[in-house]
Amino acid sequence: MEYDEKKGSGGGGGGGGGGGGEIVEVNPKPKKGVTSKVVDYIEKLIVKLIPLPVTDLPVLGHLPDCLNGEFVRVGPNPKFAPVAGYHWFDGDGMVHGMRIKNGKATYVSRYVRTSRLKQEEYFGGSKFMKIGDLKGLFGLLMVNMQMLRAKLKILDVSYGTGTGNTALIYHHGKLLALSEADKPYVLKVLEDGDLQTLGMLDYDKRLAHSFTAHPKVDPFTGEMFTFGYSHTPPYITYRVISKDGFMHDPVPITISDPIMMHDFAITENYAIFMDLPLYFRPKEMVKDNKLIFTFDATKKSHFGVLPRYAKNELQIRWFELPNCFIFHNANAWEEEDEVVLITCRLENPDLDMVNGTVKEKLENFTNELYEMRFNMKTGLASQKKLSAPAVDFPRINECYTGRKQRYVYGTILDSIAKVTGIVKFDLHAEPEEGKKKIEFGGNVNGVFDLGPGRFGSEAIFVPREPGITSEEDDGYLIFFVHDEKTGKSAVNVIDAKNMSSDPVAVVELPHRVPFGFHAFFVNEEQLQELAKL
């Protein structure tokens, strides 16, 4: 893990003007000495701490016009060494951005300037409790240390304690950095592609709970749908945010126990909630020396389907399926009497496996693509396996969010959850039976293999033309790649239609980009709106 922002430096210059009158003799009288050296030192510090974006990056191939915009990806990158435990979900949010304009690329990385980060910078070290601390009796003691610091006002928790390290989304002229234990942070993209944290968004104080890292924006209505989960009732709270950025009243969702609910889904008329048995259990944490979130393999999975403009939960319909957990959904839609969910399903997850140092092998992270159907007329649910293991971070052409679509783009994961390739699924084709790994054939329409020692990240689909009038897969996939043999990182662009092994473009980056979580593409029109902030 890295502890510093690393960026290159760039520069530029300007010229003067002219006019009439007497010519002035130029005879400057600079001064050397201690004062000069002090100022030079301050300048070096500024350049080191706040380097400029790296411009005119080497581009192999060409960057299509539809990629004019900013490709951003966020992930955990602790600025300060942890005091004790460290989990993959910990770490300060760092956004890696690539500004693409007229075939040229600029790179920058910036921390999300959260309340947590600012306070730890003030102290010069790690002060806030981490998920990695929450195990056994030690976890209970660390919780009490956090509460003590807050009570004594050593730490100010009035702005939350989140990291902004999980995902990014654009809504109502704002780019939001998200982590599910906190409120959104607003980022601005500057003309040169640089990134600036403007502050936190609480929707005029209407948001008083956490905000998922995976809200959904309906491309047809412009509304955003979101939720938060809590370890105190109500355990789930659903919200609708208008196209104009107004957050409507909360809709509490009743479930039996506090859970981790990382994602949800929307259709044209419904919101889908997932009551899956990954429980928040502090007593078991201490008693059994477990991580605070514990999966119960004996419990069924429950999916709640609620009319998406409901003012309360009275109309929710609950459906039961076999035990599982889900981190990420691809999409959902309606088909006659059924609501269809396309998702990445796994069994018996153990979050403790991604606690601390990277393991040799993760036994239980065998995520598979599934289709789940909830019949609103009969109340019955069914599921169908669509892939071999392991696939996650599913993305689609988001012009189809909440509507029926054909193609899903996912990341192929190896035994320690590193991304070894990008896969394209065709939902109109039948999966091949008996497959032990993801490979071309059946509903696997294409595979882009990164090659030995090269690992990637979530791939974002960018359509050649926005909307649903052109072919759904007419566009490009863009993602970060790191070569562990050479130590070099790059951004790859591949053709989503043919999934050719020859990238459309490879943009070489000035240094290593650490592995991260979710990405987003901000198009040129959205950048123009961001410029008004």
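Computed quantities for the displayed model
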item: Built amide H within the under 5 Å cut-off of residue 167, gap 5+; result: 178
item: Extension gain (nm, one decimal) between residue 230 and residue 268, 0.36 nm per residue minus Cα-Cα; result: 11.0 nm
item: Residue (of 346, 292, 476) at the positive-pole extreme of the chain, dipole from beta-carbon charges; result: 292
item: Extension gain from residue 150 to residue 483, taking 0.36 nm per residue of separation minus the Cα-Cα distance; result: 115.6 nm
item: Cut-off 20 Å (backbone N to label point 7 Å along Cα→Cβ of residue 320), residues of region 245-289; result: 254-259, 273-279
item: Estimated inter-spin distance, residue 208 and residue 528, nm [label 7 Å along Cα→Cβ]; result: 4.0
item: Calculated SAXS-style log₁₀ I(q)/I(0) at q = 0.11, 0.16, 0.20 Å⁻¹ - region 96-211, Debye, Cα scatterers; result: -0.45, -0.84, -1.15
item: Taking N as its residue count, the alpha carbon Rg of region 464-532 over 2.2 N^0.38 Å; result: 1.34
item: From the coordinates shown, P(r) over Cα pairs in 10 Å bins from 0, in percent corresponds to which of (1) 3, 16, 26, 25, 16, 8, 4, 1, 0, 0; (2) 3, 17, 29, 27, 15, 5, 2, 1, 0, 0; (3) 3, 15, 24, 21, 16, 11, 6, 2, 1, 0, 0; result: (2)
item: Label point distance in nm, residue 137-residue 196, each placed 7 Å from Cα along Cα→Cβ; result: 5.2
item: Note, ³J(HN,Hα) from phi for region 394-406, Karplus 6.51, -1.76, 1.60, rounded to Hz, x at Gly and Pro; result: x, 9, 9, 5, 6, 5, 9, 3, x, 10, 5, 9, 10
item: Across 404/435; 243/300; 127/485, pairs whose alpha-carbon gap is larger than 31 Å; result: 243/300; 127/485
item: Debye-sum result for region 145-232 in log10 I(q)/I(0), which assumes one identical scatterer on each alpha carbon, at q = 0.19, 0.20, 0.21 Å⁻¹; result: -0.94, -1.01, -1.08
item: Average Cα contact separation per residue, region 250-294, under 8 Å, 6 or more apart, as relative contact order %; result: 32
item: Per-residue HN-Hα couplings for region 282-292 [Karplus 6.51, -1.76, 1.60; θ = phi - 60°; Hz; x = Gly/Pro]; result: x, 5, 5, 4, 6, 5, 9, 6, 10, 5, 5
item: Label point distance in nm, residue 298-residue 435, each placed 7 Å from Cα along Cα→Cβ; result: 3.6
item: Share of carbon and sulfur in the accessible heavy-atom surface of the chain [1.4 Å probe, %]; result: 53
item: Dimensions (Å) - region 178-336, Cα atoms, principal axes, largest first; result: 52, 44, 27
item: Rg/Rg_ref, region 172-216, where Rg_ref = 2.2 N^0.38 Å and atoms are Cα; result: 1.21
item: Enclosed volume per residue, in Å³, of the convex hull spanned by Cα atoms of region 194-264; result: 124
item: More than 26 angstrom apart: percent of Cα pairs within region 416-533; result: 28
item: Heavy-atom accessible area per residue - the chain, 1.4 Å, Å²; result: 47
item: Protection proxy ranking, peptides 257-268, 334-345, average beta carbon neighbours within 10 Å, highest first; result: 257-268, 334-345
item: Residues of type aspartates and glutamates that residue 377 reaches as a straight line, Cα spacing below 17 Å, ignoring anything fewer than 8 places off in the same chain; result: 320, 334, 335, 336, 337, 338
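The values are calculated or read from the model by the stated rules, or taken from the named source; none is laboratory data. Remember, predicted model here, so these are calculated numbers, not experimental data. Glycine gets a Cβ as well: all are built from the backbone with ideal geometry, and neighbour counts include every protein chain shown. Heads up: the accessible areas ignore ligands, DNA and RNA and are worked out on the full protein's heavy atoms, side chains in. Shrake-Rupley method; radii C 1.70, N 1.55, O 1.52, S 1.80 Å.
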